[in-house]
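Just below is one structure, and these are the notes that go with it.
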């Protein structure tokens, strides 16, 4: 080997060793990193917690986003156990207006959740984007109105259960 090749070979060996050391330090540092802070978005890292809030909100919305003039208080009772705070007050204002027109027009309404995405999730609160298909039937004349909708839902964990505390129509 010529004298000029030895320094190049030695430099290459040192460079490879340095890169290996940096990679090893990175692996050790990453594996020793503390867990995500409490305020981190669990929707990105905890599939079970995400599924739990999605299932709870899906089931609750299925119970309250319905109206049948023949059973006008069924959804209202479900809303009393699933909604809290501003969402409860908002729901009852809308429900009261629907209940006033419903018996005359013999309205039947239901909304079907088609997709839910969790935007933010902590141990005690969540923000969810919910896509709905809505259908309202006026049985007096047989007319049907169908429309998609998107709502932003805020949920809070209270006594181990997810309750909706805000609903915003988008």
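The values are calculated or read from the model by the stated rules, or taken from the named source; none is laboratory data. Only a predicted model underlies this, so the values are computations on that prediction, with no experimental measurement involved. Every residue, glycine as well, gets a Cβ built from its backbone with ideal geometry; the counts of neighbours run over all protein chains shown.
Select from region 65-89 the residues that are outside any loop (DSSP other than H, G, I, E, B) and surrounded by 15 or more Cβ atoms within 10 Å (Cβ to Cβ) and list them in ascending order.
Taking region 65-89 and keeping what is outside any loop (DSSP other than H, G, I, E, B), we get 66-68, 74-83, 85-89.
Answer for region 65-89, where residues must be outside any loop (DSSP other than H, G, I, E, B) and surrounded by 15 or more Cβ atoms within 10 Å (Cβ to Cβ): 66, 67, 68, 75, 76, 78, 79, 82, 83, 87, 88.
Those residues that are within 20 Å of the chain's Cα centre (by Cα) and over 15 Å from residue 134 (Cα atoms), I need them from region 55-77; list them, please.
Within region 55-77, the first condition is being within 20 Å of the chain's Cα centre (by Cα), and the residues that meet it are 55-65.
Within region 55-77, 55, 56, 57, 59, 60 meet the criteria.
Looking at 125, 166, can you tell me which residue is surrounded by 14 or more Cβ atoms within 10 Å (Cβ to Cβ) and without any contact (Cβ under 8 Å) to a residue 40 or more places away in the chain? Break it down stepwise before answering.
Numbers: 166 fails: without any contact (Cβ under 8 Å) to a residue 40 or more places away in the chain.
It is 125.
Where residues in region 90-111 are touching a residue at least 40 places away in the same chain (Cβ under 8 Å) and not in a helix (DSSP H, G or I), which of them is nearest to residue 160 (Cα to Cα)? Reasoning before the result, please.
Kept after step one, since they are touching a residue at least 40 places away in the same chain (Cβ under 8 Å), are these residues of region 90-111: 90-91, 107-111.
From what is left, the residues that are not in a helix (DSSP H, G or I) are 107-111.
Values: 107: 35, 108: 33, 109: 30, 110: 28, 111: 26 Å.
Looking at the filtered set, the residue picked out is 111.
Which numbered condition trips up residue 36, out of (1) part of a helix (DSSP H, G or I); (2) modelled with pLDDT under 95; (3) surrounded by 10 or more Cβ atoms within 10 Å (Cβ to Cβ)?
It is condition (1) that residue 36 fails.
Any residue in region 141-154 that is touching a residue at least 60 places away in the same chain (Cβ under 8 Å), crowded, with 18+ Cβ neighbours inside 10 Å and part of a strand (DSSP E or B)? Don't jump to the end; show me each part of the working.
Of all residues in region 141-154, those touching a residue at least 60 places away in the same chain (Cβ under 8 Å) come to 153-154.
Applying the additional criterion that residues be crowded, with 18+ Cβ neighbours inside 10 Å yields 153-154.
Checking which are part of a strand (DSSP E or B) leaves us with 153-154.
Among the residues of region 141-154, at least one is touching a residue at least 60 places away in the same chain (Cβ under 8 Å), crowded, with 18+ Cβ neighbours inside 10 Å and part of a strand (DSSP E or B), which makes the answer yes.
Would it be correct to say that residue 120 is surrounded by fewer than 17 Cβ atoms within 10 Å (Cβ to Cβ), touching a residue at least 40 places away in the same chain (Cβ under 8 Å) and either assigned to a helix (DSSP H, G or I) or touching a helix residue (DSSP H, G or I) at 6+ places or on another chain (Cβ under 7 Å) (or both)? Even if it seems obvious, please write down each step before you answer.
Details: surrounded by fewer than 17 Cβ atoms within 10 Å (Cβ to Cβ): yes; touching a residue at least 40 places away in the same chain (Cβ under 8 Å): yes; either assigned to a helix (DSSP H, G or I) or touching a helix residue (DSSP H, G or I) at 6+ places or on another chain (Cβ under 7 Å) (or both): yes.
Yes.
Hey, among the residues in region 128-140 that are touching a helix residue (DSSP H, G or I) at 6+ places or on another chain (Cβ under 9 Å) and over 19 Å from residue 56 (Cα atoms), which one's surrounded by the most Cβ atoms within 10 Å (Cβ to Cβ)?
Here the residue is 138.
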